[in-house]
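Chemist: For reference, the structure I am asking about is given below.
The values are calculated or read from the model by the stated rules, or taken from the named source; none is laboratory data. The shown structure was predicted, so the numbers you read here are calculated from the model rather than taken from an experiment. Glycine also receives a Cβ, built like all others from the backbone with ideal geometry; neighbour counts cover every protein chain displayed. Quick note on the areas: whole protein, heavy atoms, side chains included, nothing else; ligands and nucleic acids left out. Shrake-Rupley method; radii C 1.70, N 1.55, O 1.52, S 1.80 Å.
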Amino acid sequence: MKTQVAIIGAGPSGLLLGQLLANAGIDNVILERRSADYVLGRIRAGVLEQGTVDLLREAGVSDNLDARGLIHTGFDIAFAGERVRIDLPELADGKHVTVYGQTEVTRDLMNAREGIGATTWYEADNVQPHAIDTDAPYVTFEHAGHEYRLDCAYIAGCDGSHGVSRGCIPADRLKIFERKYPLGWLGVMADTPPVADELIYATHERGFALCSMRSPTRSRYYIQVADTESPDNWSDDEFWAELKRRLPQNVADTLVTGDSIDKSVAPLSSSVTEPMQHGRLILLGDAAHIVPPTGAKGLNLAIADVNTAYRLFRRIYDDSRADLIARYSATCLSRIWKTERFSWWMTTNLHKFSATEDFDTRIQQAELGYYLNSKAGRTTIAENYVGLPFAKLEP
Ligand code: APR
Ligand code: PHB
């Protein structure tokens, strides 16, 4: 088998890159370890930056998003007994975000790919890139007991944080920068009307809580727990009771509870892999970087890499600029580190880290109080929340 770009992983990064390339006449094949249903069973965040929405539109996969995505022009941070609204258009140059689940983005992309008849191998085992520092790389894999070889010109590693691609960068070049937090988020999805029209990020002495949503009839709530916590330790009633304790009273009073349709714990961590390119291999999305969910940047960061990778492949195939691949890593990383900073800042300042009042907790209160009561502070939060401009491959 032969293609131009071999894409490893059918998450949002791999699927969107594949769609954009196919639309531009650049042949690609996706190799995914899991089944399509398994990929669609993963529940992830649901806040899309304008740049993400624009790229999905450019790929021609935004019909459902345009019909059902919820435009959000602000969100609240509950802190010290007050609810401070971050007005996005006012503070961030008219911009807003769109609430639309990652699962739905993935489903739309899978349907679009099926529609154009592009090749995806689901349940591909032992996917392995080879010869990435030559002009003739290839990927081997197994499917239903048979071995296959896919020859290609480039390999896009879109295989998430547990993928095989990152490890193909020689160890003496590879550097991984990490921050672990002793925290997890216990998340519940429920078919109940959201408690408010906009998201509420709530600080509380018992720990952080977040009220989010997927639609006018589906809510998504989270509470901070220890990273070692198991969802099995929490009945629905216990979850709702703890959530209510952490929310402002008037919010808790109007919260509609119901049966959970999903309950899971996600650990919080930050990491960045450098470089994001070696020879004919590039890394995109979670394969290269992880952010904690505070601020909902994971999917948006992945889509920003897709934007850079797509522009790169267009320049390579339309204008014979194979040399530009050397700029891929630095272009992506300049924006990634700023978004890592914002996710780290939101995580550090909205969660409870210490059981006792100490110097750090006082500084945390001062930091949040300063930012939320200053227009400059709120502007910084808003600018990052709506998404920083995409970085350009060429000046
Ligand atoms: N071979 C083939 N496929 C693989 C392999 C492998 N060795 N390892 C992992 N995969 C697949 C996974 O099964 C998954 O479907 O790669 C895909 C990676 O998808 P995501 O983890 O969704 O990563 P990405 O597409 O970069 O999307 C980033 O997802 O994790 C969230 O917060 C993150 O929202 C962000 C988004
Ligand atoms: C979500 O809806 O799942 C969500 C929203 C905002 C976040 C994180 C997760 O910051």
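Chemist: What about residue 66, is it more than 16 Å from ligand 2 (Cβ to nearest atom) and within 20 Å of residue 218 (Cβ to Cβ)?
Modeler: yes
Chemist: Still on this structure: Filter region 172-231 down to the residues that are part of a strand (DSSP E or B), away from ligand 1 (no atom under 16 Å from the Cβ) and of a type in the set (Gly, Ala, Ser) and list them by number.
Modeler: 190, 202, 209, 215, 219, 226 - these are the residues of region 172-231 that are part of a strand (DSSP E or B), away from ligand 1 (no atom under 16 Å from the Cβ) and of a type in the set (Gly, Ala, Ser).
Chemist: Among the residues of region 88-104, is any touching a helix residue (DSSP H, G or I) at 6+ places or on another chain (Cβ under 7 Å), outside any loop (DSSP other than H, G, I, E, B) and open to solvent by 40 Å² or more (accessible area, probe 1.4 Å)?
Modeler: For region 88-104, residues touching a helix residue (DSSP H, G or I) at 6+ places or on another chain (Cβ under 7 Å), outside any loop (DSSP other than H, G, I, E, B) and open to solvent by 40 Å² or more (accessible area, probe 1.4 Å): present.
Chemist: Select from region 280-295 the residues that are among the hydrophobic types (A, V, I, L, M, F, W, C) and open to solvent by 10 Å² or more (accessible area, probe 1.4 Å) and write down the one among them that is farthest from ligand 2 (Cβ to nearest atom).
Modeler: This residue is 290.
Chemist: Quick one: how many residues across region 99-131 are among the aliphatic types (A, V, I, L, M), away from ligand 2 (no atom under 16 Å from the Cβ) and more than 17 Å from residue 158 (Cβ to Cβ)?
Modeler: Of the residues in that region, 2 qualify.
Chemist: Out of all the residues in region 253-268, is one or more open to solvent by less than 10 Å² (accessible area, probe 1.4 Å) and either away from ligand 1 (no atom under 16 Å from the Cβ) or within 30 Å of residue 58 (Cβ to Cβ) (or both)?
Modeler: Taking region 253-268 first, the residues open to solvent by less than 10 Å² (accessible area, probe 1.4 Å) are 268.
Now drop any that are not either away from ligand 1 (no atom under 16 Å from the Cβ) or within 30 Å of residue 58 (Cβ to Cβ) (or both), which leaves none.
Within region 253-268, none of the residues are open to solvent by less than 10 Å² (accessible area, probe 1.4 Å) and either away from ligand 1 (no atom under 16 Å from the Cβ) or within 30 Å of residue 58 (Cβ to Cβ) (or both).
Chemist: Okay, moving on. Out of curiosity, is residue 36 more than 13 Å from ligand 1 (Cβ to nearest atom) and either more than 18 Å from the chain's Cα centre (by Cα) or among the acidic types (Asp, Glu) (or both)? First the steps, then the outcome.
Modeler: Details: more than 13 Å from ligand 1 (Cβ to nearest atom): no; either more than 18 Å from the chain's Cα centre (by Cα) or among the acidic types (Asp, Glu) (or both): yes.
No, not satisfied.
Chemist: Collect the residues in region 242-252 that are open to solvent by 40 Å² or more (accessible area, probe 1.4 Å) and of a type in the set (A, V, I, L, M, F, W, C), keeping them in residue-number order.
Modeler: none
Chemist: Which residue is nearest to ligand 1 (Cβ to nearest atom), if the candidates are limited to region 297-342 and must be polar (S, T, N, Q) and over 16 Å from residue 273 (Cβ atoms)?
Modeler: Of everything passing the filter in region 297-342, 300 is nearest to ligand 1 (Cβ to nearest atom).
Chemist: A further question follows. List every residue pair whose Cβ atoms sit under 7 Å apart, with the two residues 6 or more apart in sequence or on different chains, where the first one lies in region 213-233 and is farther than 21 Å from residue 74 by Cβ and the second, anywhere, is of a type in the set (Val, Ile, Thr) and crowded, with 17+ Cβ neighbours inside 10 Å.
Modeler: Close Cβ pairs (under 7 Å, with a partner that is of a type in the set (Val, Ile, Thr) and crowded, with 17+ Cβ neighbours inside 10 Å) amount to 225/265; 229/265; 230/265; 231/265.
Chemist: Which one of 144, 112, 124 is within 16 Å of ligand 1 (Cβ to nearest atom) and open to solvent by 70 Å² or more (accessible area, probe 1.4 Å)?
Modeler: Details: 112 fails: open to solvent by 70 Å² or more (accessible area, probe 1.4 Å); 124 fails: open to solvent by 70 Å² or more (accessible area, probe 1.4 Å).
The conditions single out 144.
Chemist: Could I ask something else about it? Output the residues belonging to region 50-87 that are open to solvent by 50 Å² or more (accessible area, probe 1.4 Å) and in contact with a Pro (Cβ under 9 Å, 6 or more places away or on another chain).
Modeler: 73, 81, 82, 83 - these are the residues of region 50-87 that are open to solvent by 50 Å² or more (accessible area, probe 1.4 Å) and in contact with a Pro (Cβ under 9 Å, 6 or more places away or on another chain).
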